[in-house]
Structure formats: structure tokens, C-alpha cells
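Peer 1: Can you keep this structure in mind? I'll have questions shortly.
What follows draws every value from the coordinates through simple rules; no lab data is involved. The structure presented is a predicted model; accordingly, all values stated were derived computationally and were not measured. Cβ sites come from the backbone with ideal geometry, for glycine too, and all protein chains shown count toward neighbours.
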Amino acid sequence: MRRRLIPPREDAVCHVSAGRDKLGLDIHYINAFKGRGIFTTVPFQKGDFLLEYRGKLITKEECERRHRVYHDSLKVFMFEFKFDGKLWCVDASQEDGSLGRLGLMWLSLTSAKMKILNINGKPHLCLFASRDISPGEEIDYNYGDSDWLWRCKTETSQIQKTVSCLKPQPNSFPNNDLDLKHPEPER
Ligand SMILES: C[S@@+](CC[C@H](N)C(=O)[O-])C[C@H]1O[C@@H](n2cnc3c(N)ncnc32)[C@H](O)[C@@H]1O
């Protein structure tokens, strides 16, 4: 295991401010169903900062507007969350080469957890290792409680939550405050 050089939060602030991804992570194409994912090339320690889910920070209203005009393939990159009592969205639909937008989703035994960091008054969606991670492992985390259609096709042994395959993809913010779509702010 590598020695941690700086505390995870400082590491996150440093990468967020520089707008660059961390070394030790790589994009791999997995298959036609899952598409691409992020894999580690070095070991990470539980708690380490991994990635920022980078994109354009937009308001709830703008997010709803984009949901109306975007193709489904773009909507999957809209990450909605609550910050300072308001709903926001990071729209990462633009292929900008950043890694955070490519993390895959599982509901249990994930390797990462998303936290909202307040950096200079603005929210940033940052992924931290939820356990020790070995080289070659996939970075996955819980996206939240949306009814993405592709979840229905995912092996039920790995997705523990029952989903309704009849529900369309969400196109508006849910009312439920406890919805996992809105990850917990940093404590
Ligand atoms: C934020 S994107 C992740 C990057 C995407 N794999 C790509 O290549 O562009 C979210 C999309 O990845 C796919 N995905 C994520 N987690 C998955 C999983 N556990 N099983 C199958 N597909 C998944 C779904 O198509 C989802 O809409």
C-alpha cells in the first residue's frame, strides 16, 4: 500500500482547483452493454480521493430544460444533487476526456463513495475510496435512486435493489429529500 502524501480532502481540493485527474487511473472499454469504465493502475487506500465528477454546474431549472431537449444517451451524464438547500446538477455530457464521468454504478460493495465538497463556495462532486482498492479494480459507486432502464438488464445478483423495468428514465427532480440521487454533503 502506498503511503498517503497529503490528506484526502487537500488532495481533492488540489485536483479540483487544477481541473485535472489523478494519476493511477485509466479508462477501459468493458463491453457493449456497460461501455467504458475507470480502472486503477495503482493501489488506493480507504478514504483516498479518487476523482471529481467534472462537468458544468447548472441550476435545477436549467437541468430540467436540458432533460427536455437531451437525447437519452446524454441524460445519463446529468448528476443531480442537493447543496445548501437547493437542487443542482453537474452536466458531464460533454466528452472532455475527464475520468469522473465514466465511473460505473453498483448499489453494494462499491469501491467509491461520492461526497459533495464545498470549495470556494461551490459544490464539487468528489469520489473517495470506500475501501482499500488494488490495481486493476474498477471504480464504481452508487449513482442514486433513479430508474435507469439499463439497470433492468444488469445481473440481479449484483444489483440488490428491485427496479421496475417499466418505468421510463427520470426527467425531473424527485421530491423525496432522502433520494440517494442527492449524495450527502461532506461532514
Ligand atoms: C455516467 S455513464 C458511465 C460511462 C459509460 N459507461 C460510458 O461508456 O460512457 C452512465 C452509463 O454507464 C452505463 N452503466 C453504468 N453502470 C453500469 C452497470 N453497472 N451496468 C451496466 N451499465 C452501466 C449505463 O449505460 C449508464 O447509463
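Peer 1: For the stretch 43-136, run through the GluC sites (Glu not before Pro) and keep only the ones in DSSP coil with at most 11 other Cβ atoms within 10 Å of their Cβ.
Peer 2: Within the stretch 43-136, the qualifying GluC sites (Glu not before Pro) (loop, at most 11 other Cβ atoms within 10 Å) are Glu95.
Peer 1: Of the chymotrypsin sites (Phe, Trp or Tyr not before Pro) in the stretch 1-43, which ones lie in a loop per DSSP and count no more than 13 other C-beta atoms within 10 Å?
Peer 2: Phe33
Peer 1: How many lysine pairs are close in the stretch 8-145, with Cα atoms under 20 Å apart and the two 8 or more places apart or on different chains?
Peer 2: Eligible lysine pairs with Cα atoms under 20 Å apart amount to 24.
Peer 1: Find how many whole Å separate the alpha carbon centroid of the stretch 31-59 from the alpha carbon centroid of the stretch 94-109.
Peer 2: 5
Peer 1: Let me ask something else. Quote the Stokes-Einstein diffusion coefficient, in whole µm² s⁻¹, for the stretch 8-145, based on the Kirkwood radius over alpha carbon pairs, a temperature of 20 °C and a viscosity of 1.002 mPa s.
Peer 2: 140
Peer 1: Another question, then. List the residues whose amide H sits under 5 Å from the amide H of Arg54, counting only those 5 or more places along or on another chain, with H placed 1.01 Å from N in the peptide plane.
Peer 2: Gly100, Arg101
Peer 1: Going by average Cβ density within 10 Å per residue, which order do the peptides 118-129, 66-77 take, highest to lowest?
Peer 2: Numbers: 118-129: 17.9, 66-77: 14.1.
Highest to lowest by the protection proxy: 118-129, 66-77.
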